[in-house]
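Visitor: Got a structure here, written out as structure tokens. Questions coming.
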Amino acid sequence: MVILTKKEFEDAEKKSLWIKNFEKDSCGVGFIASIDGISTHRILKEARIMLERMAHRGACSCDNDSGDGAGVLTAIPDKLYRNELLQCGDIELPQLGCYATGILFLNRETYKQAKEAFMDLANGCDLKVIAWRRLLTHNSRIGFEARKTEPVMRQVFVSAEYATEDKIRFEKNIYILRKQASIQLAKQEIECYIVSLDTSIIVYKGQFTTHQLYPYYADLTNPEFISHIAIVHSRYSTNTFPAWSRAQPNRLISFIVKPIKLVF
């Protein structure tokens, strides 16, 4: 524990954005960006440091090792995914912005049904699933409770012939697909949680402590994973049970329940 002196508190208030009257006990949210807009792996590394320093803003289960949730939102690492699909399936992605991708949390018993249903819905939305990717994950360091409900991870890539000429239509149909898949698969009692499905961002999250996220997803420590932004979130579950799907960041943003004031 670090105990600050009165002078150190006063200096912190003068020299930083910290304001003592706005202190809250809630989830930890952090944001880092490259001011010049250049994507680097350094953003991922610094986001990790920021996340792991917010361990006190999260919580864990009775096994002392299953977190309430942790995650990171970044720009799509196009080079990484492009190389992975070429090496593993000889699949060439369209240019960035003309495909959408996201991670799906699926049930071990029904994940094949979920994939088939998702592809049918994509066709109905005038879209085409061009690839499925099996993510490399390492669960040896996550808690017992988290492992009991660990989903099957699959990354989907979706495109359309008109994606280059009519991006507004493409983006709209991607949104409709995500909503329809969430609703229709639930009606069929097929578990499928779409972590994100987007043409510009990707979310990696789960029922982790802050120190478990990066070791779990091999992508996050791959030097080819570059981004110009990163949002990290450490969840403190106050009025809901921890779950893989309830971890954050959400598909576009992270939030905390209590009101906050943003100072610019």
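Visitor: What's the Cα-based Rg to Rh of region 98-166, Rh via Kirkwood?
Guide: Rounded to two decimals, Rg over Rh is 1.09.
Visitor: A further question follows. Spelling out what I want: for every residue of region 41-57, take phi, set θ = phi - 60°, compute 6.51 cos²θ - 1.76 cosθ + 1.60 (Karplus), and round to whole Hz; glycine and proline get x.
Guide: For region 41-57, the Karplus curve yields 6, 4, 4, 5, 5, 6, 5, 5, 4, 4, 5, 5, 7, 10, 4, 5, 9 Hz.
Visitor: For region 30-133, restrict the atom set to alpha-carbon positions and state the Rg and Dmax in Å.
Guide: That works out to 17.9, 47 Å for Rg and Dmax.
Visitor: Another one. Taking 28 Å as the cut-off for C-alpha to C-alpha distance, list the pairs among LYS45/LYS172; LYS45/LYS179; LYS128/LYS187; LYS179/LYS205 that go past it.
Guide: LYS45/LYS172; LYS45/LYS179
Visitor: Using the Cα centre of region 25-234 as the reference point, and only Cβ charges (+1 on K/R, -1 on D/E), how large is the resulting charge dipole? Debye, rounded to the nearest 20.
Guide: Dipole size: approximately 160 debye.
Visitor: Which of the peptides 67-74, 133-140 is most tightly packed, and how do the rest follow, going by the mean number of other Cβ atoms within 10 Å of each residue?
Guide: Final packing ranking: 67-74, 133-140.
Visitor: Work out the FRET efficiency for ARG42 and ILE19 from their Cβ-Cβ distance, taking R0 = 25 Å, and round it to the nearest 0.05.
Guide: Result of the calculation: an efficiency of 0.30.
Visitor: Taking the alpha-carbon distance from LYS148 and a cut-off under 16 Å, which aspartates and glutamates remain once sequence neighbours fewer than 8 residues away in the same chain are dropped?
Guide: Straight-distance partners of LYS148: ASP63, ASP65, ASP68, GLU109, GLU191.
Visitor: Can I ask one more? Bins of 10 Å, beginning at zero and ending with the bin holding the largest distance: percent of Cα pairs per bin for the chain, please.
Guide: Here the calculated profile for the chain is 7, 27, 34, 22, 7, 3, 0.
Visitor: Tell me, SER234, SER61, SER16, SER196 in order of fewest to most beta-carbon neighbours within 10 Å?
Guide: Going from sparsest to densest Cβ surroundings: SER16, SER61, SER196, SER234.
We did not get these values from a lab; they are worked out from the coordinates using the rules stated. Here the structure is a predicted model, which means the values were calculated and not measured. All Cβ positions, even for glycine, are placed from backbone atoms using ideal geometry, and neighbour counts span all protein chains on display.
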